[in-house]
1. Suppose each label sits 7 Å from its Cα in the direction of the beta carbon; what would the residue 28-residue 3 distance come out to in nanometres?
2. What order, most packed first, do the peptides 3-10, 51-58 have when packing is the mean number of other Cβ atoms within 10 Å of each residue?
3. Name the long-range amide H neighbours of residue 49: under 5 Å, sequence gap of 5 or more, or other chain; modelled H, no Pro or chain starts.
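What follows draws every value from the coordinates through simple rules; no lab data is involved. None of the values given here were measured: they were computed from a predicted structure. Cβ coordinates were reconstructed from backbone atoms using ideal geometry, including for glycine residues, and neighbour counts include every protein chain displayed.
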Amino acid sequence: SPYVAGVAALMLARNPDLNAAQIRGILQRTARPVPGATYVWSDDIGYGTICPPAALKEVDAVYRRCERG
């Protein structure tokens, strides 16, 4: 969806070294479950609703860890 692509673009703007697997993992880990659902994958709602602030916060944390080496 365009919304997810936009969030991925923001993530890449903060850390252009991210690869597709890292972006997917961050979006999955930071997703919020739909009310009445769990964090488990579902064919109709995926992992839930993405949370852009949480995803960007994790990107920043990953970038800082990489800088410190």
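1. Here the modelled spin labels are 2.1 nm apart.
2. On the way: 3-10: 13.1, 51-58: 15.9.
For the peptides 3-10, 51-58, the packing ranking is 51-58, 3-10.
3. 32, 34
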